[in-house]
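Scroll down for the structure; my scribbles are underneath it.
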Amino acid sequence: MGSSRPVYRTPASARIAAGIATGVLGGILLIGCMMICASVTDAGATMPLKALGALVYGVEALVAGPTAMLVGVLIQLAISIVIGILFALCMSRETSTVAALFAGIVVGIALWAAMDLFVLPQANPTMAARIALMPLGYFVAHVAFGVGLAMSPAFMRMFARAA
């Protein structure tokens, strides 16, 4: 008939809060990895932020200064939050750590492929040209983003207790 284990539904507010938290965490991990890679390859630690800002400012973002970098960070975090919320809506607070980690890494790799092959060449060719100079770093950054997403069930448990 049924198991003796009670079934708890995660409140929507806890799912959304977990999605926002994991999106921000994943976005910071991605930006951090990209900045480290850019610094190691002598492209300059701020190059990824300027390249993200090129979505708004075009190629001028590479010389625009802190405004373009701030816009780049805001773009990345906004996209990361949306992806984090969508990921959290597909997870349960009962999801195991290993399953969440696997799903997060798969999503990160899928996003890497979609961004590298389709989105960036069309939407932000300036960033696509810069990313082509450090493809491994871009891949690793997206895996790190997936690891950040994998924290979703843990955040859901935390936010569900607070609700």
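Checking each residue in region 92-108 for being crowded, with 20+ Cβ neighbours inside 10 Å and over 14 Å from the mean Cα position of the chain (by Cα) picks out ARG93, ALA100. Summed over region 119-137, residues that are over 17 Å from the mean Cα position of the chain (by Cα) and within 22 Å of GLY23 (Cα to Cα) total 2. The residues on offer are ARG130, ARG161, and the sole one that is of a type outside the set (Asp, Glu), crowded, with 22+ Cβ neighbours inside 10 Å and in a helix (DSSP H, G or I) is ARG130. Whenever a residue of region 69-80 is free of Cβ contacts under 8 Å to residues at least 24 places away in the same chain, its partners that are part of a helix (DSSP H, G or I) and open to solvent by 30 Å² or more (accessible area, probe 1.4 Å), lying with C-beta atoms within less than 9 angstrom and at least six residues away or across chains, give the pairs MET69/LYS50; VAL71/LEU55; VAL71/VAL56; VAL71/TYR57; VAL71/ALA64; ILE75/LEU55; ILE75/VAL56. Considering only residues in region 109-127 that are in a helix (DSSP H, G or I) and among the polar types (S, T, N, Q), the one that is surrounded by the fewest Cβ atoms within 10 Å (Cβ to Cβ) turns out to be GLN122.
The one condition from (1) aliphatic (A, V, I, L, M); (2) open to solvent by less than 40 Å² (accessible area, probe 1.4 Å); (3) modelled with pLDDT under 95 that LEU30 does not meet is (3).
Hey, among the residues in region 44-62 that are open to solvent by 50 Å² or more (accessible area, probe 1.4 Å) and touching a residue at least 12 places away in the same chain (Cβ under 8 Å), which one's farthest from THR10 (Cα to Cα)?
For region 44-62, the residue satisfying everything is VAL59.
Would you please list the contacts, defined by Cβ atoms under 8 Å and residues six or more apart or on different chains, that run from a residue in region 123-149 that is without any contact (Cβ under 8 Å) to a residue 40 or more places away in the chain to a residue that is of a type outside the set (Lys, Arg) and open to solvent by less than 20 Å² (accessible area, probe 1.4 Å)? Hits for this filter: ALA128/LEU120; VAL143/GLY108.
The values are calculated or read from the model by the stated rules, or taken from the named source; none is laboratory data. What you are looking at is a predicted structure, and each value in this text was computed from that prediction instead of being measured. Here the Cβ is made from the backbone with ideal geometry for all residues, glycine too, and neighbour counts use every protein chain on show. These area figures cover heavy atoms from the full protein model, side chains too; ligands, DNA and RNA do not enter into them. Shrake-Rupley method; radii C 1.70, N 1.55, O 1.52, S 1.80 Å.
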